[in-house]
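Right, one structure below, let's go through it.
The values are calculated or read from the model by the stated rules, or taken from the named source; none is laboratory data. Because the structure is a prediction, the values reported are computed rather than measured. Note that each Cβ is placed from the backbone with ideal geometry, even for glycine, and that neighbours are counted across all protein chains shown. Each accessible area value is taken on the protein alone, full model and side chains, heavy atoms only, with ligands, DNA and RNA left out. Shrake-Rupley method; radii C 1.70, N 1.55, O 1.52, S 1.80 Å.
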Amino acid sequence: MFPSQPASPPRYDAALPPAGRFAPSPSGDLHLGNLRTALAAWGFARATGRKFILRVEDLDRVKVGAAERNVADLAELGLDWDGPVDYQAPRIPQFLGEVRRLTDAGLTYECYCTRKEIHAAASAPHGIPGAYPGTCRDLSEQARERRRQERPPAIRLRADVHEFSVHDYFAGEYTGAVDDMVLVRNDRTPAYNLAVVVDDAHQGIDQVVRGDDLLPSAPRQAYLAGLLGYRAPEYVHVPLVLGPTGARLAKRDGAVTLDELHALGYTTRDVLLWLGQSLGVSRTLNTTADLLRDWNPGAWNTDPATFTQWPEKRA
Ligand code: GLU
């Protein structure tokens, strides 16, 4: 299935205990949607006897103090995790090392395109919407030399398929696009799609529970995992919480973080109760442990929940 798989042996360590995880990007405070996904991820891991890892994805978009507040909010909600909170940034050399394995197998190329160029090329007739059109894939060495003078290159995967299928707990068999995704950005930062795949494999994560906005990314991540010799995890994409406009819940939609809801007079338990109801859990959640009683996620809501601003609560 992976004709040009690198020769080196798989690095996936089957001896690691199976684990689930929650992986927030510390770009701001967690809102109800993030908290709900975290609760679901914790529940899936704990209900299936897995370890649960909290991994802060701090390779980009970091807001000062947000990681610490994210961790504190998850603990306040009643979630626990195994081992210390994990941070991605110290592993940059490891991520780049995995790209080197792909490069040695002829599976990468340098890309010099600006966002504008990609946008223009991708919207040309016959372009796959949103996919990289392959502008730099087959440049001559001469052309590369010239373009290298203009801007530092990003590194892209030389994908040999256009789509790939994964299995998702809620969506079932899901087929989505695989393109020549960026592995290393042109500022030398490992890209999300690479880091998530490498970390999940090296941390023994065989169950990925996250928001269903990331379902379209699962095929390209599973494909990349296969190229690196890893086994793809099982996927559980949970529906998002939407704001009043129907778009994904955001800070601008009102009081949506634990702190903001506390300020309106709501307790953490009120929030937990709402999270359980909006997921469609049959039990009333007085504590997170209640989520594990009568565990039956197959009966959860599969439609997104809509948040409407909570009125100030009188004591
Ligand atoms: N860090 C990503 C986010 O907060 C989630 C990554 C993942 O769960 O795969 O959107």
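Things to note:
- Considering region 178-206, the residues that are away from the ligand (no atom under 16 Å from the Cβ) and surrounded by 19 or more Cβ atoms within 10 Å (Cβ to Cβ) include one that is nearest to Val85 (Cα to Cα), namely Val184.
- Members of region 207-225 that are open to solvent by 10 Å² or more (accessible area, probe 1.4 Å) and out of contact with any helix residue (DSSP H, G or I) (no Cβ under 8 Å at 6 or more places or on another chain): Asp212, Asp213, Leu214, Leu215, Pro216
Listed here are the residues, each with its yes/no results for (1) closer than 12 Å to Leu258 by Cβ; (2) within 10 Å of the ligand (Cβ to nearest atom).
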position	(1), (2)
Leu35	yes, no
Gly43	no, no
Arg55	no, yes
Leu59	no, yes
Asp82	no, no
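- Pair list, Cβ under 6 Å, 6 or more apart: region 72-87 residue touching a residue at least 24 places away in the same chain (Cβ under 8 Å), other residue open to solvent by 60 Å² or more (accessible area, probe 1.4 Å): Gly78/Thr287; Asp82/Lys51
- Selection status of Tyr174, within 16 Å of the ligand (Cβ to nearest atom), open to solvent by less than 40 Å² (accessible area, probe 1.4 Å) and of a type outside the set (Gly, Ala, Ser): no
- All conditions but one from (1) among the hydrophobic types (A, V, I, L, M, F, W, C); (2) farther than 18 Å from Tyr112 by Cβ; (3) more than 16 Å from the ligand (Cβ to nearest atom) apply to Ala143; the one that does not is (2).
Conditions tested, residue by residue: (1) open to solvent by less than 30 Å² (accessible area, probe 1.4 Å); (2) in a loop (DSSP other than H, G, I, E, B); (3) at pLDDT 95 or above.
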position	(1), (2), (3)
His237	yes, no, yes
Ala255	yes, yes, no
Leu273	no, no, yes
Ser282	no, yes, no
Asn286	no, yes, yes
Thr308	no, yes, no
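Quick grid of which residues meet (1) closer than 26 Å to Leu240 by Cβ; (2) touching a residue at least 12 places away in the same chain (Cβ under 8 Å); (3) of a type in the set (Val, Ile, Thr):
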residue: Ser140; (1), (2), (3): no, no, no
residue: Ala143; (1), (2), (3): no, no, no
residue: Arg147; (1), (2), (3): no, yes, no
residue: Arg156; (1), (2), (3): no, yes, no
residue: Phe170; (1), (2), (3): yes, yes, no
residue: Thr175; (1), (2), (3): yes, yes, yes
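- Tyr87 being at pLDDT 95 or above, aromatic (Phe, Trp, Tyr) and over 20 Å from the mean Cα position of the chain (by Cα): no
- Hey, Arg158 open to solvent by 30 Å² or more (accessible area, probe 1.4 Å) and over 13 Å from Tyr112 (Cα atoms) or not: yes
- Among the candidates Val238, Val271, residue that is among the β-branched types (Val, Ile, Thr), in contact (Cβ under 8 Å) with a residue 60 or more places away in the chain, closer than 19 Å to Tyr169 by Cβ and out of contact with any Cys (no Cβ under 8 Å at 6 or more places or on another chain): Val238
- Scan of region 189-198 for residues that are touching a helix residue (DSSP H, G or I) at 6+ places or on another chain (Cβ under 8 Å) and touching a residue at least 60 places away in the same chain (Cβ under 8 Å), ordered by number: Thr189, Pro190, Leu194, Ala195, Val196, Val198
- At least 3 residues being under 24 Å from Arg91 (Cα atoms) is the threshold, and among the helices (runs of 4 or more DSSP H) wholly inside region 126-229 those reaching it are 192-202, 218-227.
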